[in-house]
Structures are given as C-alpha cells and as structure tokens.
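Novice: Take a look at the following structure, please.
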There are 2 protein chains.
Amino acid sequence: MTVTIYDVAREANVSMATVSRVVNGNPNVKPTTRKKVLDVIERLEYRPNAVARGLASKKTTTVGVIIPDISNVFYAELARGIEDIATMYRYNIILSNSDQREEKELQLLDNMYGKQVDGIVMMSDQVSEELQNKMSHSPVPIVLAGTLDEMKEIASVNIDYLQAAYEAVKHLIANGHRRIAYISGPFSSTINKKFKFEGYKKALEEEGIALDEDLVIATEDSYDSGLEDFETLSQLADPPTAFFAGSDELAIGIIHGAQDLGKSVPEDYEVISFENSKLARMVRPQLTSVVLPLYDIGAVSMRLLTKYMNKENVEDGQVILPYRMIERNSTK
Amino acid sequence: MTVTIYDVAREANVSMATVSRVVNGNPNVKPTTRKKVLDVIERLEYRPNAVARGLASKKTTTVGVIIPDISNVFYAELARGIEDIATMYRYNIILSNSDQREEKELQLLDNMYGKQVDGIVMMSDQVSEELQNKMSHSPVPIVLAGTLDEMKEIASVNIDYLQAAYEAVKHLIANGHRRIAYISGPFSSTINKKFKFEGYKKALEEEGIALDEDLVIATEDSYDSGLEDFETLSQLADPPTAFFAGSDELAIGIIHGAQDLGKSVPEDYEVISFENSKLARMVRPQLTSVVLPLYDIGAVSMRLLTKYMNKENVEDGQVILPYRMIERNSTK
DNA sequence: CGATAGAATGAAAACGTTTTTCAAGAAATT
DNA sequence: AATTTCTTGAAAAACGTTTTCATTCTATCG
C-alpha cells in the first residue's frame, strides 16, 4: 500500500542506503545516481515516514509547546512567533494547553518526553520548585518564553518588566499624578507580583509617594475585572486619578468603567496599559501602553531553542529583549 | 541511558509481552502481576517511546491541525475547542499556520501525512478544487472546521451561515431600515461571498428592497477596514442607516468610524455583527451579534474526527450546529 | 602501468515498540 | 480428579528508516 524506501531502492536499482542518502541530502552520491533516485521518488510519490525516521535517528524534528491558553490573544501571539521560527527551521509543533495548572504542566512535560520531541518551549505564570526541578532534568532542551525562572537555571526570553513598569508609572507621575492605582493580573504570576509591582513601587518611592495598599488590586486578567476594579476604587475616600493597568483588557475595563460613570479619560483619569495588543487601538481613547513584544519573545525563544537543539554554544541563556512605550490618548 | 520496555521486563521478572500488555491495558493480566510491573515502571520512570510505538502500531495518537492564523482570536477559539477534545481522547495536536495560502496548505498536508498523523482538522477560507481533490485522497480522515466544502465530499462542521445572515438583516429591516450596508470580510472566502451575502440578499429581496452594490463592501477582516468602510459609505449621496458587519472587528471599526464623526450608535446608525467574540462586550455600545459558536465548532469537529479515526459509522458527515442572536446596544 | 586515495555504494544492524503464535503452566470449576 | 479457562512466556516478525563499516569503483599520480 504505502511506498517505502525499499520500493524506491528496488525501482531505482540501488540500495536503500543510497536512497536514504539522496533523501537526506548527503553529498556522497553521484549526480547521475541522485537524479535516477529522485525520478523514482517523484514517480512513486514516495514520502519518507517521519516516525520510522525518528526511531532510527532519534530526532523527530518536532518541538513541544506548553501554553496556558491558546484562545487568549496574549499567548496566541507568542505562539505565532514560535511557530513561524519553528517552520523556518523545519520543525513541527505539538501544542498543548496547561490552563496554568501545575499538575497538568508536569504531566504535559512527561507526555512530550514520551513523544520524543527534540525540545520544548514553555510558558507559565509561575515556575514552582517542582516544575523547575523537572525541567532541569529534562532529557531535551527547554526554553521559557515570557516566563520567569527566578533561579535563572532554565533558558528564557523576557523583557525587563520591572524597568518597564517603572517607566510607565514615572510617566504618570510626570503628568502630575500622586494617587496612582496598580490594577494587576493575578499575583500568582511572578511577573505581576514581583516585577511589575516592584517597578511600580520603585517609581513611587523615588518620588516620595507612600505606597497605599488600597490602590493596588490583583484580580483576574479580564475586562470585567477592570470594570469592577474601577468601581471599587472610585468609591474610595481618596480615589486614584491615574491607573497603571497590567494588561489591555484591564485597561479597557477601567476606561469603560469610568465612562459608564460619566467620567472621561484622559481628562478625569489617565490610564496606561502594559501589553499593546491589537486591542489597544480598538478603544476610544486609544491606549497609551508599554509595548510587550510578544511575537518577538516567541520567535526569539524558538530561535534560542534551535541553538540548544543543535548543541551550539549559547553565551547567555537569559535573553532580555528591548521594549518601548507608545503614547496614545489615554494619557495626556 | 533511556529505560526501555526490556529493562522493565527484566526488573519485574516478566517478559516484554507482559509489560506491553500492562502498558496497553490489556485485561489478560493477573492483578498481582500488573501491580508488580506497574511498580517497576514507576521506580524506573519508564516512559514508553511513542515513536517506536507509532512505528509498530501504525498509530501515532497525534492529529494535525491546519489553521490560517493562530494569532487571530477567531481561529484561536476554534483551536482551543479542538485541543480540548483532542486531549480528552488522548490525542496530541500538531499545529501549523497556513496563512490561507493554498500552496502552503497543500504542503502542510503532505508534511502531516509524512508525520503519520492519525487524522487532520483543517480550517480554510476557501477549498479549491486541487485542495479538495488532495483531501479526498487523503490516507487519513479529515474534518473541516468552520470551513465549507461546496462539493460536500469532506466531512465538516458549520452553522447555517445563510440563514444566520438572513436573520440578522431581517432584524435590521424590522427596525425600520431600508438602506442596509453589508461590510464583509474578503470575498475570497466562500462563506462571505456565497452564504452570508446570499442571506443578506434574500432578506432584502423578501422585503422588496433593491440590492444596491454601493452598500456592499468586501475588504480585509479588520478594525481599520471597518473604520475606512464607514467613512466611504457615509459620503454616499444616499448613505446607509444600518450596517451588517461580517465580524466583530469590522463592527467595532464601523462604530468608531461613526463616533469619530460625532455620530452615535444606535441612534444614528444601527450595527449588527457576526461573530460575538469576547470583543463584542468590550465596546460602547456593546455589539448586537449573531453568535458563532467557534469553540463548539472546533470541539465537534474533533469529536467527529475521533469517530472517523475509530472507524465508527458516521451517519452524516456534514454537521450543522445551531446559532443564536444576542441583542445588545448597537441596535435599538 | 600498477599503486593508491577518494568517492560511491551496499549489507546489515540498530532503533523500541507491538503483535502474533504457540505452548505450557496455573487456577478455577465441576 | 478431570476439565476448562486464565495467565504468561518465548521467540520472532514487523514497522521504515538511519547509520556504520566494509567493499567496490574510479581517477590520479609517479
């Protein structure tokens, strides 16, 4: 039924070794032989069996991607960056959603090992010790994309979240605000809790503004949370006049929350976001935001992974990409 | 280095046949033996090599997913539905982006065949004859998700787009409109050109409203297109008073286009969308929309595929899912 | 012209399972 | 105690490649 390398060998009057050489671009084949084999391959529509190949060569040209939730734009953008570079280097991707559940992450790693992937790109909010430990003993290279490994044992690609948050808040302060809220995604995420929050605190501190715990809210990373959080904060005796939002959805929620109460942005409140997805331009006012280069983080992670898979020498596994801020109309 | 089935057999004092039976849940194994083997498996951290298994059994428990663009929310939602059901049935997913380029779709199919996937879920705007032909001769089952196969030769999961569009436009007419624009995504998509457009025409016709080509615009499926299209149409001598938008992004573009000109929705213009993504609630006014059950389409497609892969009997490969309309504030 | 270094090719083992077949020992049933 | 039904093992084939090593060509050199 299916045509094998053996069929090709027979038809072309050569050994399977020679067919294998032709298929794999081994230069030690006489041009005339190569052509003869290639012709037969085309005639028979021979397609090498990647599974057999994987067994024999111990390479599957497949990488595993563990992602919290592909239906979340944030991660989908990362995934696209990963996939594009993977394709460029002829790898396929096995994609699995973890929903941030550690137990599932662990299990997915085992599953990927079983499938004999050549490497793994992993995204997660939080790298527990157990996870970190398991990854350290991985049989194949792993790169963390947009995910922090505090021990810095696993290769990873990120931006300087602390500095970016710091700059954003500084911007708000420069615009005259003293009551600045930090509406964050869940603090179970190391990036939110440790890095962005630290940047926020650093900026306040530098200006001699005392941290007011009432102005810091860590919730789900969603539009509705933004809406609610605005409402909560606007009822404070001394409400904030500016918001540093952890994501675009949160920022939009805040803006609509304000608008629903008859207030306007940026006149009554200024808002700055941290993400700059496609959404940032799809609101009125459009969002001023720190731009997180999601696609690039994915792409660079995959590129880094190819280096490890090729056993190339990598000088520094902890890659920090540049970021920038883009000013639109949610700030003055 | 790696522990094989052979190691387990030796340690457990049984034959590899027995280990294989245990691993594959064959019932003909005495409980005590099963336990003994399981213990050794755990102790040795034996993990069956899926590649070897795939070669021997000719099943890889992997399915291919060909998607236009995973970073597009629309498809990401579909993908999530596919993945969830795949996981439920213990399949992994190899995901590849086609960018709607037929040449790439063809090539990806070959690639997936080479990887010996057990089945394929495919999404595309348009199924050309060549593609349709290639799929008909596929060595493994294929299901189209949210994708129309006009020949109805390939299994597929969809909603009744024509009827849904018809209803949406009827709704606008019922609200008193006679000048109703259809702002569509690209007409290269069969669904847009043939189905939604037909539904639009049918509704108009039924009410004796002549089709005005000026009111039909097929552009890119983006926010910016919506913005532009609104501008274009508002400059008409006899501009539309209502819009039937092919997607949420388009609808939001239209609304913002109107608002940027000092008009308001739904007072000056009514808008109805066709998608109901998360975005639909993230605008003011919130979108009235036909709700496309993207996640379900993905999930049902994958479920259908499992049936084909199990060689179960499928009564009808052309599945039509129900849809509904949700009224929010972009219509009165 | 014979020797010799490469280049080109082939033969066979290896990769880690599943699957099959047959035989035989163990356990359960009557 | 006889018979039936379960369990298990041993061995080997199969899956379709890659890879190693040996061998055969071919061309070049002195």
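The values are calculated or read from the model by the stated rules, or taken from the named source; none is laboratory data. Bear in mind that the values here come from a model prediction, so they are computed numbers and not experimental data. Quick reminder, even Gly has a Cβ in these numbers, built from the backbone with ideal geometry, and neighbours come from all protein chains shown.
Novice: Restricting segment A:26-47 to residues that are away from DNA strand C (no atom under 13 Å from the Cβ) and in a loop (DSSP other than H, G, I, E, B), which is farthest from A:ILE5 (Cα to Cα)?
Specialist: Looking at the filtered set, the residue picked out is A:GLU45.
Novice: Using the structure shown, decide if A:GLU77 is at the interface with chain B (Cβ under 9 Å from one of its Cβ atoms) and either assigned to a helix (DSSP H, G or I) or more than 23 Å from A:VAL140 (Cα to Cα) (or both).
Specialist: yes
Novice: Additional query: When you scan segment A:53-63, do you find a residue that is crowded, with 20+ Cβ neighbours inside 10 Å, among the hydrophobic types (A, V, I, L, M, F, W, C), more than 16 Å from DNA strand C (Cβ to nearest atom) and at the interface with chain B (Cβ under 10 Å from one of its Cβ atoms), even just one?
Specialist: No, because not a single residue in segment A:53-63 is crowded, with 20+ Cβ neighbours inside 10 Å, among the hydrophobic types (A, V, I, L, M, F, W, C), more than 16 Å from DNA strand C (Cβ to nearest atom) and at the interface with chain B (Cβ under 10 Å from one of its Cβ atoms).
Novice: If you don't mind, there's one more thing I want to ask. Does segment B:276-283 contain at least one residue that is surrounded by fewer than 23 Cβ atoms within 10 Å (Cβ to Cβ), among the aliphatic types (A, V, I, L, M) and assigned to a helix (DSSP H, G or I)?
Specialist: yes
Novice: Take segment B:16-33 and flag every residue that is more than 27 Å from A:PRO139 (Cβ to Cβ) and either more than 7 Å from DNA strand D (Cβ to nearest atom) or free of Cβ contacts under 8 Å to residues at least 12 places away in the same chain (or both).
Specialist: Scanning segment B:16-33 gives B:ASN26, B:PRO27, B:ASN28, B:VAL29, B:LYS30, B:PRO31, B:THR32.
Novice: Of the residues B:ASN133, B:ASN97, B:ASN158, only one is polar (S, T, N, Q), over 17 Å from B:TYR75 (Cβ atoms) and either at pLDDT 95 or above or surrounded by fewer than 17 Cβ atoms within 10 Å (Cβ to Cβ) (or both); which?
Specialist: Result: B:ASN133 is the single residue among B:ASN133, B:ASN97, B:ASN158 that is polar (S, T, N, Q), over 17 Å from B:TYR75 (Cβ atoms) and either at pLDDT 95 or above or surrounded by fewer than 17 Cβ atoms within 10 Å (Cβ to Cβ) (or both).
Novice: In segment B:165-190, what residues are crowded, with 21+ Cβ neighbours inside 10 Å and closer than 30 Å to B:GLY119 by Cα?
Specialist: Selection gives B:GLY185, B:SER189.
Novice: Let me ask something additional. Out of everything in segment A:112-140 that is in contact (Cβ under 8 Å) with a residue 24 or more places away in the chain and of a type in the set (S, T, N, Q), what residue ends up being farthest from the other protein chains (Cβ to nearest Cβ)?
Specialist: Per the criteria, the residue is A:GLN126.
Novice: Among the residues of segment B:181-208, count how many are under 16 Å from B:ASN158 (Cα atoms) and assigned to a helix (DSSP H, G or I).
Specialist: Within segment B:181-208, residues that are under 16 Å from B:ASN158 (Cα atoms) and assigned to a helix (DSSP H, G or I) number 8.
Novice: Here is a list of conditions, (1) more than 30 Å from B:ILE93 (Cα to Cα); (2) in contact with a Leu (Cβ under 9 Å, 6 or more places away or on another chain); (3) near DNA strand C (Cβ under 8 Å from one of its atoms); (4) of a type in the set (A, V, I, L, M, F, W, C), and A:VAL8 meets all of them except one; can you say which number that is?
Specialist: In the conditions (1) more than 30 Å from B:ILE93 (Cα to Cα); (2) in contact with a Leu (Cβ under 9 Å, 6 or more places away or on another chain); (3) near DNA strand C (Cβ under 8 Å from one of its atoms); (4) of a type in the set (A, V, I, L, M, F, W, C), A:VAL8 misses (3) alone.
Novice: Just a yes or no: is a residue in segment A:239-253 touching a residue at least 60 places away in the same chain (Cβ under 8 Å), surrounded by 24 or more Cβ atoms within 10 Å (Cβ to Cβ), touching a Phe, Trp or Tyr at 6+ places or on another chain (Cβ under 8 Å) and part of a helix (DSSP H, G or I)?
Specialist: yes
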